[in-house]
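Student: One structure coming up, written as structure tokens, with questions to follow.
Values quoted throughout were computed directly from the atomic coordinates according to the rules given, and no laboratory measurement underlies them. Here the structure is a predicted model, which is why all the values come from computation and not from measurement. Cβ placement follows ideal geometry from the backbone for every residue including glycine, while neighbour counts extend to all protein chains displayed.
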2 protein chains.
Amino acid sequence: MVDKEKYREKIVLSASKIFSRYGFKKTTMEEIANALNKGKSSIYYYFKSKEEIFEAVVDHEAQVLKDELSKVIKSSDDPELILRRYVKIRMKLFEKLSNYYNAIFNRDLDHFDFIEKQREKYDLMEIALIRYVLWRGVRSGHFNLENTGLAALAVQTALKGLELPLFWEKRSYGMDARLDAIIDILFYGIVRK
Amino acid sequence: MVDKEKYREKIVLSASKIFSRYGFKKTTMEEIANALNKGKSSIYYYFKSKEEIFEAVVDHEAQVLKDELSKVIKSSDDPELILRRYVKIRMKLFEKLSNYYNAIFNRDLDHFDFIEKQREKYDLMEIALIRYVLWRGVRSGHFNLENTGLAALAVQTALKGLELPLFWEKRSYGMDARLDAIIDILFYGIVRK
DNA sequence: ATTTTCTTAGAACTAAATGGTCGATTGTTC
DNA sequence: GAACAATCGACCATTTAGTTCTAAGAAAAT
């Protein structure tokens, strides 16, 4: 082909679908290869291992999320609304990602520290983003916070706590409404007046 | 427990969810057992093999479908409307079942003639049902058919032809509308006047 | 035309996973 | 305490799946 990097992207895009459907463990190299009409061993010309593909997929997903979030941040001037939209999008992503993680949390996190590293990277980005949203809220007088850095950390921690219900119960149907309720409770003390 | 048969049902219900999510091949006995907080070998006290569980699951699913279809048949007096609803429900089910079959059609139908047997049983029931719907349509003057048995066979064959698109393209979003269009074309010659 | 580099895939290897068996164990009923 | 119901851990045989290796077909360069 013209470009090796281009084909790597093609693999990532294709593998992403399979991973998100079946999770890391249940997805086989053969399936990834077949989806591209390639031989199983051919994939190794582009990626060193299954884990490397997975890593690239997660990276890609994080990028997509980042783009979506950027859009949300620019979508309004009301920080509370932004925060709500932010949480919704975040939860939507984690619903999608729940497969990835399900397959891994499923015990044997043995040598899966590479996931942790990935996670840390993502956490840092997220905290920065939340902090920015909070900071804008403070600046415009909507929020009432001393230390946005610490507050961002707190909010992010709380959001992480919300992930588990999403993982274990699949698609509870009142989820959207319930999410709103939780956000209400969670940020009650933040909104001025 | 009180009843062995009761527990078999419990297993079927639980396994059904896993099978429908991951398909036959990707579902492991250990997962089925874990979902019930049981040891893997305990399951073999109730079922002889993985295939036997799967068979029971499919049987159960067929029963659910049958019930739903019965409800549809009683839901209206307009046979054309009934037929439309029938097709919709049928497609909904097959979307759900596509995992089951995907995992099996995926080559090696080797000694999976037991699926074929299952399929035949289901086909017969379906043909009978369709025939009944057609017969009611004829009786009320909505349909114009010489031989409802043959017509039912034809309709069922056509419906089977519609399954494949559902298997290979996941959730095409225009599906509902497209389905309507197909039904229109398919039954055009049936409706009187 | 020939050499070299890029790309692919079948075969082979290896470690892990998985369906299934069996005997032991625990609990319950008579 | 014998007989039966239910569960489970250890174990086995086979298959699967990730990875490596090598040869070979295309394509590009010389």
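Student: Which Cβ of chain B lies nearest the axis of the rotation superposing B onto A, and at what whole-Å distance?
Tutor: Nearest to the symmetry axis by Cβ: B:LYS26, 2.
Student: Something else about it: So if I place +1 on the C-beta of Lys and Arg and -1 on the C-beta of Asp and Glu, and nothing else carries charge, what would the dipole magnitude of the stretch B:3-47 be about its Cα centre? I want it in debye, nearest 20. Walk me through the numbers before you get to the answer.
Tutor: On the way: 10 positive and 5 negative charges, 23 e Å.
Around 120 debye, computed over the stretch B:3-47.
Student: I've got another one for you. Taking 25 Å as the cut-off for C-alpha to C-alpha distance, list the pairs among A:LYS26/B:LYS38; A:LYS92/B:LYS71; A:LYS66/B:LYS26; A:LYS17/B:LYS25; A:LYS92/B:LYS17 that go past it.
Tutor: On the way: A:LYS26/B:LYS38 22 Å; A:LYS92/B:LYS71 35 Å; A:LYS66/B:LYS26 32 Å; A:LYS17/B:LYS25 19 Å; A:LYS92/B:LYS17 22 Å.
Pairs exceeding the cut-off: A:LYS92/B:LYS71; A:LYS66/B:LYS26.
Student: Kindly give the distances from B:ASP59 to its copy-mates, label point to label point, with each label point 7 Å from Cα along Cα→Cβ, as nm values to one decimal ordered shortest first.
Tutor: Going from nearest to farthest copy, the values are 5.2 nm.
Student: Measuring from a point 7 Å out along Cα→Cβ, what nm distances, shortest first, does A:GLY141 have to its partners in the other copies?
Tutor: Shortest to longest, the spacings are 7.5 nm.
Student: Per-residue mean of other chain beta-carbon atoms within 10 angstrom of the beta-carbon, peptide A:23-29?
Tutor: Working: counts 2, 0, 1, 7, 1, 1, 0.
Partner Cβ neighbours, averaged per residue: 2.
Student: Another question about this same structure. For A:ARG21, go 7 angstrom from Cα along the Cα-to-Cβ vector, then report the distances to that same point in the other copies in nm, smallest first.
Tutor: 1.6
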